[in-house]
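Inspection log for the structure reproduced underneath, given as structure tokens.
The values are calculated or read from the model by the stated rules, or taken from the named source; none is laboratory data. Just so you know, these numbers come straight off a predicted model, no measurement behind them. Quick reminder, even Gly has a Cβ in these numbers, built from the backbone with ideal geometry, and neighbours come from all protein chains shown. Note: accessible area is taken over every heavy atom of the protein model, side chains too, but ligands, DNA and RNA are not part of it. Shrake-Rupley method; radii C 1.70, N 1.55, O 1.52, S 1.80 Å.
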Amino acid sequence: MTWSAKLIKHNSESRIGVYFEKNQDLIARIKQIAGARWSHQKTVWHLPDTPENRLRFNIEPMTNSLPSTEAVVQIEKFKQWMRSKRYSESTISTYCEALKSFLVFYREKPIAEITNEDVIIYNNDYILKNKLSASYQNQITNAIKLYFKTIKNTKIEIDKIHRPKRAKLLPNVLSKEEVKAILEAHSNIKHKMMLSLIYSCGLRCGELLALQPVHIDSLRNIVLLKNAKGQKDRIVPLSPKILEMLRGYYKVFKPTIYLFEGQTAGMGYDSRSLQLVLKQALQKAGITKPATLHWLRHSYATHLLESGTDLRYIQELLGHSSSKTTEIYTHVSTKSIQQIKSPFDDL
């Protein structure tokens, strides 16, 4: 198997891109590496730019990139603490990598001597200087604050660590006509079913792929989502039309463990393959917008709002902890905006 690896920039963050022809064994090995992700946009598997990964893929080591012995011990303690608190493995990996980046920057300074001023210097001399994204800076801030909450004898004042100003980005929304075209694009029952269920229930990609047949309650017309984001269960209403589609799908595929299984029985459907399903649907429907699976969830919420559903119910359906997260859909709803008459029409 031939492969190559090189440094890439992904969302303004330095990553290691690994290129190879599609091979299930190699994909399975890549997935086992902490922080490994698939970029649909760049069509490449990419990993955190760490000394370990540079060594693994024969990339020139970073200068002064290793944390101090003290930092290595502290990062491991931080990892164990998060595991005891039942943080997800993806969160643990993200936070530990973020904390390591910060501690590598101050590898010559004892951790007990790090101050709030050092955090500001790091933001300016590392984050901003390397043009890293605000979301990455926020990740670092989350990791620093959580870490320093867990240790004693520190000069850091946690409450005074500031966050970067968030960009006010609006969610991307498709029209009902565009959603209908996407959902009708596939003749494959499984593909049509997966996309339809994401939109009809406002699901995240991971929530769909974690569904099991027992989570579909046909008597109460609900879908039970177990251990969704934030390890929270929730229920969403099940459309009668979707229930009929599910019954037809079940008769054909007879899933055992997961509602949507891959080529191997009992194994869940691959998220990368699901993204490809949407990409093919967009091409067949003639839609050129760079839509993602999450666009369907955004569209579900916006269409609910435009049809008069109370924002509090939408918050519950989407599983948002804060109402402020849900309120963003009021900025993309066109129901009220379309009633405003432009003064241009009176000229």
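Tabulated data
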quantity	calculated
Enumeration of residues in the stretch 155-179 that are in a helix (DSSP H, G or I) and open to solvent by less than 20 Å² (accessible area, probe 1.4 Å)	179
Extreme residue, farthest from residue 312 (Cα to Cα), among residues of the stretch 191-222 that are without any contact (Cβ under 8 Å) to a residue 24 or more places away in the chain and either open to solvent by 50 Å² or more (accessible area, probe 1.4 Å) or in contact with a strand residue (DSSP E or B) (Cβ under 6 Å, 6 or more places away or on another chain) (or both)	214
Residue within the stretch 217-232 that is aliphatic (A, V, I, L, M) and outside any strand (DSSP E or B) present	yes
Single unsatisfied condition, residue 24 versus (1) open to solvent by 20 Å² or more (accessible area, probe 1.4 Å); (2) within 30 Å of residue 280 (Cβ to Cβ); (3) modelled with pLDDT of 80 or more	(3)
Check on residue 144, farther than 23 Å from residue 69 by Cα and β-branched (Val, Ile, Thr)	no
Residue in the stretch 244-255 that is among the acidic types (Asp, Glu), in a helix (DSSP H, G or I), closer than 26 Å to residue 221 by Cα and at pLDDT 90 or above present	yes
Failed item, numbered, when residue 264 is tested on (1) open to solvent by 70 Å² or more (accessible area, probe 1.4 Å); (2) at pLDDT 90 or above; (3) β-branched (Val, Ile, Thr)	(2)
Condition broken by residue 70, with the remaining ones in (1) touching a residue at least 12 places away in the same chain (Cβ under 8 Å); (2) farther than 20 Å from residue 5 by Cβ; (3) assigned to a helix (DSSP H, G or I); (4) open to solvent by less than 70 Å² (accessible area, probe 1.4 Å) satisfied	(4)
Those residues of the stretch 139-152 which are touching a residue at least 24 places away in the same chain (Cβ under 8 Å) and open to solvent by less than 20 Å² (accessible area, probe 1.4 Å), in sequence order	140, 143, 144, 147
Index of the failed condition, residue 2 passing every other in (1) in contact (Cβ under 8 Å) with a residue 60 or more places away in the chain; (2) open to solvent by 80 Å² or more (accessible area, probe 1.4 Å)	(1)
Qualifying positions in the stretch 24-81 - more than 28 Å from residue 264 (Cβ to Cβ) and basic (Lys, Arg)	54, 77, 79
Among (1) at pLDDT below 85; (2) surrounded by 12 or more Cβ atoms within 10 Å (Cβ to Cβ) - the single one residue 18 does not satisfy	(1)
Of all residues making up the stretch 1-47, the number that are more than 21 Å from residue 206 (Cβ to Cβ), among the small types (Gly, Ala, Ser) and part of a strand (DSSP E or B)	4
Cβ pairs under 6 Å, 6+ apart, first in the stretch 257-273 and within 16 Å of residue 24 (Cα to Cα) and touching a residue at least 24 places away in the same chain (Cβ under 8 Å), second open to solvent by 50 Å² or more (accessible area, probe 1.4 Å) and of a type outside the set (D, E, K, R)	268/258; 272/38
Residue 77 farther than 30 Å from residue 263 by Cα and either among the acidic types (Asp, Glu) or surrounded by fewer than 16 Cβ atoms within 10 Å (Cβ to Cβ) (or both)	yes
For residue 182: the one exception among (1) crowded, with 20+ Cβ neighbours inside 10 Å; (2) within 25 Å of the chain's Cα centre (by Cα); (3) assigned to a loop (DSSP other than H, G, I, E, B)	(3)
